[in-house]
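Heads up, the thing below is written out as structure tokens.
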Amino acid sequence: MLGLLALLTASVFLGAAIYINVAEQPARLALDDRSALAEWRPAYQRGFEMQASLAIVSGLLGAAAWWQANNPLWGLGAAVIILNWPYTLLFVMPINRRLEATRPEEAGDETRALLTRWGKLHAGRSALGAVAAAIYLIAALRGF
């Protein structure tokens, strides 16, 4: 049961990450620079809270499933979903800080470039979510 919950939470993480990349980010980039920055701020904060929590919960559930089932695939899936934290801290957060420091009236070409870069980096989070969910799925199928 713990493994299935790990798979579920990783899948929800993946769904949210993909939504950001295929719906929210393109819509944001269709706005003018100032509006795009204004939209990014609250969307980022809400998304961060949701995805950070999902990554932690999924990682803990995956680790517990590994301990319970003694199947290292659960542990590998847990490690991959948790990798979202250091990935975000090392690569995404520097962009976040620069965007957060930008005043709306200063939004321009650099802001657009940062938002575009942010979207590409966020795709890495989507990839980590996909890999973790796939590993969890394989572990779950091997358990049946």
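The values are calculated or read from the model by the stated rules, or taken from the named source; none is laboratory data. The model shown is predicted, which means the values in this text are computed figures rather than measured ones. Cβ coordinates were reconstructed from backbone atoms using ideal geometry, including for glycine residues, and neighbour counts include every protein chain displayed.
Could you say whether any residue in the range 58-70 is of a type in the set (S, T, N, Q) and modelled with pLDDT of 95 or more? Give the derivation first.
So the first thing to find is which residues in the range 58-70 are of a type in the set (S, T, N, Q), and the list is 58, 68, 70.
Applying the additional criterion that residues be modelled with pLDDT of 95 or more yields 58.
Looking through the range 58-70, at least one residue is of a type in the set (S, T, N, Q) and modelled with pLDDT of 95 or more.
Okay, residues lined up against (1) within 23 Å of Leu8 (Cα to Cα); (2) of a type in the set (Lys, Arg); (3) out of contact with any Pro (no Cβ under 7 Å at 6 or more places or on another chain):
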residue: Leu54; (1), (2), (3): yes, no, yes
residue: Tyr87; (1), (2), (3): yes, no, yes
residue: Val92; (1), (2), (3): no, no, yes
residue: Leu99; (1), (2), (3): no, no, yes
residue: Leu121; (1), (2), (3): no, no, yes
residue: Arg142; (1), (2), (3): yes, yes, yes
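I'd like the full set of residues that are surrounded by 15 or more Cβ atoms within 10 Å (Cβ to Cβ) and either out of contact with any Phe, Trp or Tyr (no Cβ under 9 Å at 6 or more places or on another chain) or not in a helix (DSSP H, G or I) (or both), limited to the range 58-72.
Keep residues of the range 58-72 that are surrounded by 15 or more Cβ atoms within 10 Å (Cβ to Cβ), which gives 58-66, 69, 71.
If the condition is that a residue be surrounded by 15 or more Cβ atoms within 10 Å (Cβ to Cβ) and either out of contact with any Phe, Trp or Tyr (no Cβ under 9 Å at 6 or more places or on another chain) or not in a helix (DSSP H, G or I) (or both), then Leu60, Ala69, Asn71 are the ones that fit.
Taking Arg28 as meeting all but one of (1) farther than 20 Å from Lys120 by Cβ; (2) among the charged types (D, E, K, R); (3) touching a Phe, Trp or Tyr at 6+ places or on another chain (Cβ under 9 Å), write down the number of the exception.
That leaves (1) as the condition not met.
Quick check on this structure: which one of Gly143, Gly129 is within 11 Å of the chain's Cα centre (by Cα) and more than 18 Å from Leu31 (Cβ to Cβ)? Working first, answer last.
Working: Gly143 fails: within 11 Å of the chain's Cα centre (by Cα).
When all the criteria are applied, what remains is Gly129.
From the list Ala23, Ala16, pick out the single residue that is surrounded by fewer than 17 Cβ atoms within 10 Å (Cβ to Cβ) and under 15 Å from the mean Cα position of the chain (by Cα). Show your work before the answer.
Numbers: Ala16 fails: surrounded by fewer than 17 Cβ atoms within 10 Å (Cβ to Cβ).
Answer to the check: Ala23.
Kindly establish whether Glu24 is part of a helix (DSSP H, G or I) and either polar (S, T, N, Q) or within 30 Å of Leu73 (Cα to Cα) (or both). Even if it seems obvious, please write down each step before you answer.
On the way: part of a helix (DSSP H, G or I): yes; either polar (S, T, N, Q) or within 30 Å of Leu73 (Cα to Cα) (or both): no.
Considered against the rule, which asks whether it is part of a helix (DSSP H, G or I) and either polar (S, T, N, Q) or within 30 Å of Leu73 (Cα to Cα) (or both), Glu24 comes out as no.
Do the conditions hold for Ile95, that is, is it part of a helix (DSSP H, G or I), farther than 24 Å from Ala133 by Cα, at pLDDT 95 or above and not small (Gly, Ala, Ser)?
Details: part of a helix (DSSP H, G or I): yes; farther than 24 Å from Ala133 by Cα: yes; at pLDDT 95 or above: yes; not small (Gly, Ala, Ser): yes.
Against the criterion (part of a helix (DSSP H, G or I), farther than 24 Å from Ala133 by Cα, at pLDDT 95 or above and not small (Gly, Ala, Ser)), Ile95 qualifies.
Restrict the check to the range 78-86 and report whether at least one residue is in contact with a Ser or Thr (Cβ under 9 Å, 6 or more places away or on another chain), on the phi < 0 side of the Ramachandran plot and among the polar types (S, T, N, Q). Give the steps one after another, and end with the answer.
Step one: filter the range 78-86 for residues in contact with a Ser or Thr (Cβ under 9 Å, 6 or more places away or on another chain), giving 78, 81-82.
With on the phi < 0 side of the Ramachandran plot added as a condition, the list becomes 78, 81-82.
Next, from what is left, pick out any that are among the polar types (S, T, N, Q): none.
Scanning the range 78-86, I find no residue that is in contact with a Ser or Thr (Cβ under 9 Å, 6 or more places away or on another chain), on the phi < 0 side of the Ramachandran plot and among the polar types (S, T, N, Q), so the answer is no.
Of all the residues that make up the range 114-126, how many are over 12 Å from the mean Cα position of the chain (by Cα) and aliphatic (A, V, I, L, M)?
2
Of everything in the range 73-87 that's β-branched (Val, Ile, Thr) and touching a residue at least 40 places away in the same chain (Cβ under 8 Å), which residue is surrounded by the fewest Cβ atoms within 10 Å (Cβ to Cβ)? Walk me through it before giving the result.
So the first thing to find is which residues in the range 73-87 are β-branched (Val, Ile, Thr), and the list is 80-82.
Next cut, touching a residue at least 40 places away in the same chain (Cβ under 8 Å) only: 80-81.
Details: Val80: 24, Ile81: 30.
Here the residue is Val80.
Determine whether the range 73-81 contains at least one residue that is under 10 Å from the mean Cα position of the chain (by Cα) and in a helix (DSSP H, G or I).
Looking only at the range 73-81, we keep the residues that are under 10 Å from the mean Cα position of the chain (by Cα), and these are 81.
From what's left, in a helix (DSSP H, G or I): 81.
Among the residues of the range 73-81, at least one is under 10 Å from the mean Cα position of the chain (by Cα) and in a helix (DSSP H, G or I), which makes the answer yes.
Tell me the residue from Glu39, Glu110, Glu49 that is farther than 16 Å from Val131 by Cβ, part of a helix (DSSP H, G or I) and out of contact with any helix residue (DSSP H, G or I) (no Cβ under 9 Å at 6 or more places or on another chain), please. Write out each step before concluding.
Details: Glu39 fails: out of contact with any helix residue (DSSP H, G or I) (no Cβ under 9 Å at 6 or more places or on another chain); Glu110 fails: out of contact with any helix residue (DSSP H, G or I) (no Cβ under 9 Å at 6 or more places or on another chain).
Among Glu39, Glu110, Glu49, only Glu49 is farther than 16 Å from Val131 by Cβ, part of a helix (DSSP H, G or I) and out of contact with any helix residue (DSSP H, G or I) (no Cβ under 9 Å at 6 or more places or on another chain).
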